[in-house]
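Trainee: Here's a structure for you.
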Amino acid sequence: MKKRIFICFLSLILILNFVSLAFAAAATMYVTPAGAGVKDGTTWAKAMGYAEWETDFEGASEAGDIYYVAGGTYTLTSALDANARSGTSNAPISAIGVKAGTTNEPPINSDWATGDDRPLIAGGSYFLRTGSYWKVSNIRWTGTGTYGILIDNSYSTYYNCKVSGSMAQGMRLGTESNIIFCEITTDRKS
């Protein structure tokens, strides 16, 4: 009897280990406008460029991921839409703007971008949209479309962001989402 219990227990441990390997772990990624090296985002020397970031942001971001986005200009060629990607209350997905030239891995608070040091996402007629449980900090957004930033889902926070341009709505909030210390100006008269 003891032998069967031990075998069942051992089987359970092996199954749990296999299941845990089947799910990818959250990652810390580095982004610059042009990218660097192999552009896998694992370090500043291998930073994702805009194209790699957009692909990961929209299709592979997961709970606990952190994107450190270096200062510079990121020009959208389509909407930056991660509506289908969500974090959790304990592990939000984060995009944090840092000063250009930051080398700390991970960046420290003094590397965080403020004012015109914040990365500029030139949205044109496109928008930025996130899923639930996102934290976006220290970015600037300019645009001319109907919307700038859409927070269609719940429980996301935007901090120290600046949204400007000729949009009908600079930011649209989802349920229990927050905008904190953000500047929002639009000059559209519609």
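Trainee: Can you tell me how many residues in region 101-115 are in contact (Cβ under 8 Å) with a residue 12 or more places away in the chain, surrounded by fewer than 21 Cβ atoms within 10 Å (Cβ to Cβ) and either farther than 17 Å from residue 28 by Cα or in contact with a Leu (Cβ under 9 Å, 6 or more places away or on another chain) (or both)?
Mentor: Residues in region 101-115 being in contact (Cβ under 8 Å) with a residue 12 or more places away in the chain, surrounded by fewer than 21 Cβ atoms within 10 Å (Cβ to Cβ) and either farther than 17 Å from residue 28 by Cα or in contact with a Leu (Cβ under 9 Å, 6 or more places away or on another chain) (or both): 2 in total.
Trainee: Also, quick follow-up: Testing residue 136 on (1) modelled with pLDDT under 95; (2) assigned to a strand (DSSP E or B), one condition comes back false. Which one is that?
Mentor: (1)
Trainee: Look through region 132-169, keep the residues that are among the polar types (S, T, N, Q) and open to solvent by less than 20 Å² (accessible area, probe 1.4 Å), and return whichever of them is farthest from residue 50 (Cα to Cα).
Mentor: The selected residue is 156.
Trainee: Continuing with the same structure: Just wondering, is there one or more residues in region 176-183 that are open to solvent by 40 Å² or more (accessible area, probe 1.4 Å) and within 27 Å of residue 35 (Cα to Cα)? Steps first, answer last, please.
Mentor: So the first thing to find is which residues in region 176-183 are open to solvent by 40 Å² or more (accessible area, probe 1.4 Å), and the list is 176, 178-181, 183.
Now narrow it down to the ones that are within 27 Å of residue 35 (Cα to Cα): none.
Among the residues of region 176-183, not one is open to solvent by 40 Å² or more (accessible area, probe 1.4 Å) and within 27 Å of residue 35 (Cα to Cα), which makes the answer no.
Trainee: Please state which of the following conditions residue 129 fails to meet, knowing it meets all the rest: (1) within 19 Å of residue 67 (Cα to Cα); (2) open to solvent by 10 Å² or more (accessible area, probe 1.4 Å); (3) part of a strand (DSSP E or B); (4) touching a Gly at 6+ places or on another chain (Cβ under 9 Å).
Mentor: All conditions are met except number (4).
Trainee: Tally time: how many residues in region 116-126 are under 19 Å from residue 78 (Cβ atoms) and open to solvent by 10 Å² or more (accessible area, probe 1.4 Å)? If you could, list the steps in order and put the result at the bottom.
Mentor: Kept after step one, since they are under 19 Å from residue 78 (Cβ atoms), are these residues of region 116-126: 119-126.
Add one more test, that the residue is open to solvent by 10 Å² or more (accessible area, probe 1.4 Å), and what stays is 120, 122, 124-126.
Residues flagged as under 19 Å from residue 78 (Cβ atoms) and open to solvent by 10 Å² or more (accessible area, probe 1.4 Å) within region 116-126 amount to 5.
Trainee: Something else: Out of 31, 38, I need the residue that is open to solvent by 50 Å² or more (accessible area, probe 1.4 Å), of a type in the set (A, V, I, L, M, F, W, C) and closer than 21 Å to residue 104 by Cβ. Which one? Reasoning before the result, please.
Mentor: Details: 31 fails: open to solvent by 50 Å² or more (accessible area, probe 1.4 Å).
Being open to solvent by 50 Å² or more (accessible area, probe 1.4 Å), of a type in the set (A, V, I, L, M, F, W, C) and closer than 21 Å to residue 104 by Cβ holds for just one of 31, 38, which is 38.
Trainee: Hey, could you check region 137-190 for residues that are of a type in the set (Val, Ile, Thr) and farther than 17 Å from residue 79 by Cβ and say which is nearest to the chain's Cα centre (by Cα)?
Mentor: 157
Trainee: Quick check, is residue 91 part of a loop (DSSP other than H, G, I, E, B), within 11 Å of the chain's Cα centre (by Cα) and touching a residue at least 12 places away in the same chain (Cβ under 8 Å)? Let's see the steps before the verdict.
Mentor: Numbers: part of a loop (DSSP other than H, G, I, E, B): yes; within 11 Å of the chain's Cα centre (by Cα): no; touching a residue at least 12 places away in the same chain (Cβ under 8 Å): yes.
Criteria not met by residue 91.
Trainee: Okay, moving on. Under the condition of being touching a Lys or Arg at 6+ places or on another chain (Cβ under 6 Å) and open to solvent by 40 Å² or more (accessible area, probe 1.4 Å), which residue from region 42-96 is farthest from residue 146 (Cα to Cα)? It would help to see each step written out before you state the result.
Mentor: In the first step, residues of region 42-96 are kept if they are touching a Lys or Arg at 6+ places or on another chain (Cβ under 6 Å); the result is 48-49, 52, 61, 71, 81, 83, 92, 94.
Narrowing further to those that are open to solvent by 40 Å² or more (accessible area, probe 1.4 Å): 52, 81, 83.
Values: 52: 26, 81: 15, 83: 17 Å.
Among those residues, the one meeting the criterion is 52.
The values are calculated or read from the model by the stated rules, or taken from the named source; none is laboratory data. Treat the numbers as computed from the prediction; the structure is a model and nothing was measured. All Cβ positions, even for glycine, are placed from backbone atoms using ideal geometry, and neighbour counts span all protein chains on display. Surface areas here come from the heavy atoms of the whole protein model, side chains and all, with no ligands, DNA or RNA. Shrake-Rupley method; radii C 1.70, N 1.55, O 1.52, S 1.80 Å.
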